[in-house]
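Since the structure comes first, as structure tokens, the remarks are kept for the end.
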Amino acid sequence: MSQKPNKSIFLADDDADDCMLFEDALREVSNSTELLTANDGVELMNLMETTVPPPPDVIFLDLNMPRKNGFECLEQIRNTKAWESIPVVIFSTTSQEEMVKKVHAHGANFFIRKPGSFPKLKQAIKQVLDTDWAKHSWKPAAENFYYQY
């Protein structure tokens, strides 16, 4: 008899190596978390339409993806009634200040620059999994929004 996963995570990232590393790090942090991946924004939106409800506990969203980028996905998520309250963590290699400000203004919950090491990736995932989204501000102050590991 298999146990129900504690949490459900969606990851949208077009880099297959990044997805594999993320999954490996997630397994080391929590083996009871379900991970569904999408290779681009179009796949993510299809995944959302076919699997929600129930909503994932959190969406990790890369910004630079083909077909539909992370910013376009964030806008669609925040403008869809059934999805608008799902926590979205921007998970990107970019650290351009204007992009960080833009996704903050459009409703992302955190911005995490992709860590350069496996231990730091595990630390970032653990921080997100440990967040009590019921108590977390949906519009975090800018100084509580951007994390660089």
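Quick one: which residue in 69, 6, 46 is more than 23 Å from residue 133 (Cβ to Cβ), surrounded by fewer than 17 Cβ atoms within 10 Å (Cβ to Cβ) and free of Cβ contacts under 8 Å to residues at least 60 places away in the same chain? Show your work before the answer.
On the way: 69 fails: surrounded by fewer than 17 Cβ atoms within 10 Å (Cβ to Cβ); 6 fails: more than 23 Å from residue 133 (Cβ to Cβ).
It is 46.
Does any residue of region 27-34 turn out to be closer than 20 Å to residue 109 by Cα and not hydroxyl-bearing (Ser, Thr, Tyr)?
There is no residue in region 27-34 that is closer than 20 Å to residue 109 by Cα and not hydroxyl-bearing (Ser, Thr, Tyr).
Take residue 52 and tell me if it is in contact with a strand residue (DSSP E or B) (Cβ under 8 Å, 6 or more places away or on another chain), aliphatic (A, V, I, L, M), at pLDDT below 95 and surrounded by 14 or more Cβ atoms within 10 Å (Cβ to Cβ).
no
Filter region 92-110 down to residues that are crowded, with 19+ Cβ neighbours inside 10 Å and farther than 18 Å from residue 133 by Cβ, then give me how many there are. Outline the logic, then answer.
First, pick out the residues of region 92-110 that are crowded, with 19+ Cβ neighbours inside 10 Å: 92, 100, 103-104, 108-110.
Add one more test, that the residue is farther than 18 Å from residue 133 by Cβ, and what stays is 92, 100.
Count: 2.
Test residue 35 against the stated conditions and say whether it is under 26 Å from residue 134 (Cβ atoms), modelled with pLDDT of 95 or more, buried (at least 17 other Cβ atoms within 10 Å of the Cβ) and in contact with a Cys (Cβ under 8 Å, 6 or more places away or on another chain).
no
Test residue 129 against the stated conditions and say whether it is touching a Lys or Arg at 6+ places or on another chain (Cβ under 9 Å), within 20 Å of residue 25 (Cβ to Cβ), modelled with pLDDT of 90 or more and of a type in the set (A, V, I, L, M). Step through it out loud before you land on a result.
Details: touching a Lys or Arg at 6+ places or on another chain (Cβ under 9 Å): yes; within 20 Å of residue 25 (Cβ to Cβ): yes; modelled with pLDDT of 90 or more: yes; of a type in the set (A, V, I, L, M): yes.
Answer is yes for this residue.
The values are calculated or read from the model by the stated rules, or taken from the named source; none is laboratory data. Remember, predicted model here, so these are calculated numbers, not experimental data. No Cβ is skipped: glycine too gets one built from the backbone with ideal geometry, and neighbour counts run over all protein chains shown.
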